[in-house]
Amino acid sequence: MGKIYQEELKDLERIRNKELREAKRKELEEKYKNKALFYIKEGKKTNKELADYSEILIYFYEKEYKKALKEAFKFEDKTSWFYEIYKLKGDIHIEIGKEKENIGQLEEAEKEYIKAKEIGRSDVSLYIGLADLMRLKFKNYALRGNLNEKIFIKADREIENALEIDPQDEKIYNLKSLIFWNWANELFKYGKILWLFLKKQFYQLKKPFH
């Protein structure tokens with residue numbers, strides 16, 4: 001549930017109309033909040049871990065990030081094998097980082113995603129999430145005057161890892177295109193030779209469908 005929510009949130013970035021984007025965001029929050037409430041009710045009967053995890057998701061959907069992190073740490077102490085909690089902690093740090101334009105929060109998010117990946121190596125959403133996080137990081141560094149190519153390379157590497165797991169997922173190719181477009185835009189701002197970059201990098205984009 002949390003994975004699907006995050007994927008749909010990423011799709012929102014492609015909606016240029018701000019009012020439409022925010023309306024869709026509220027719709028998603030309500031939709032997944034109601035699902036989480038259902039899982040809490042049912043989970044208390046059969047699966048306490050799922051119920052506890054769903055409660056943390058509700059705090060996350062309601063943007064109560066401090067509460068969500070506090071409960072996530074408690075959950076982690078009891079169920080360290082549950083890699084989704086590390087991903088959720090990473091997503092919480094990302095949202096805090098976006099709100100406060102805090103690179104430190106994005107660094108914390110990366111640490112949590114790496115923990116999650118160590119356990120859930122076959123979960124393609126972890127590689128997608130980490131690639132998108134790297135995209136946010138190089139954009140934030142660029143805003144501060146640091147065009148950090150190493151972070152861009154990390155983003156591309158995680159996308160390639162995702163494609164190894166699921167080479168037919170169109171969303172992965174869409175994110176790859178977004179990452180390259182954002183990086184090209186930063187190069188343009190810094191007066192780099194944009195056409196060389198585009199010629200070299202976009203040519204390498206693989207096509208999922210023929």
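The values are calculated or read from the model by the stated rules, or taken from the named source; none is laboratory data. Computed from a predicted model, the values in this text were never measured in an experiment. Note that each Cβ is placed from the backbone with ideal geometry, even for glycine, and that neighbours are counted across all protein chains shown. Please note that ligands, DNA and RNA were not included when accessible areas were found on the heavy atoms of the full protein model with its side chains. Shrake-Rupley method; radii C 1.70, N 1.55, O 1.52, S 1.80 Å.
For residue 67 and residue 119, compute 0.36 nm times the residue count separating them, minus their Cα-Cα distance, and round to one decimal in nm.
Going from the current span to full extension adds 16.2 nm.
Residue 26: which aspartates and glutamates have alpha carbons under 19 Å from its alpha carbon, excluding same-chain residues fewer than 8 sequence positions away?
Those aspartates and glutamates meeting the cut-off are 7, 8, 11, 13, 55, 62, 64, 91, 95, 99.
Leaving ligands and nucleic acids out of the surface, order 178, 20, 57 by accessible area at 1.4 Å, largest first.
The most accessible residue leads, giving 20, 178, 57.
Over 23 Å between C-alpha atoms is what I'm after, so list which of 78/171; 139/176; 63/137 land there.
From 78/171; 139/176; 63/137, over 23 Å: 78/171.
Taking 7 Å along the Cα-to-C-beta vector as the label spot, tell me the residue 160-residue 101 distance in nanometres, rounded to one decimal.
Taking the two extended label points, one gets 3.4 nm.
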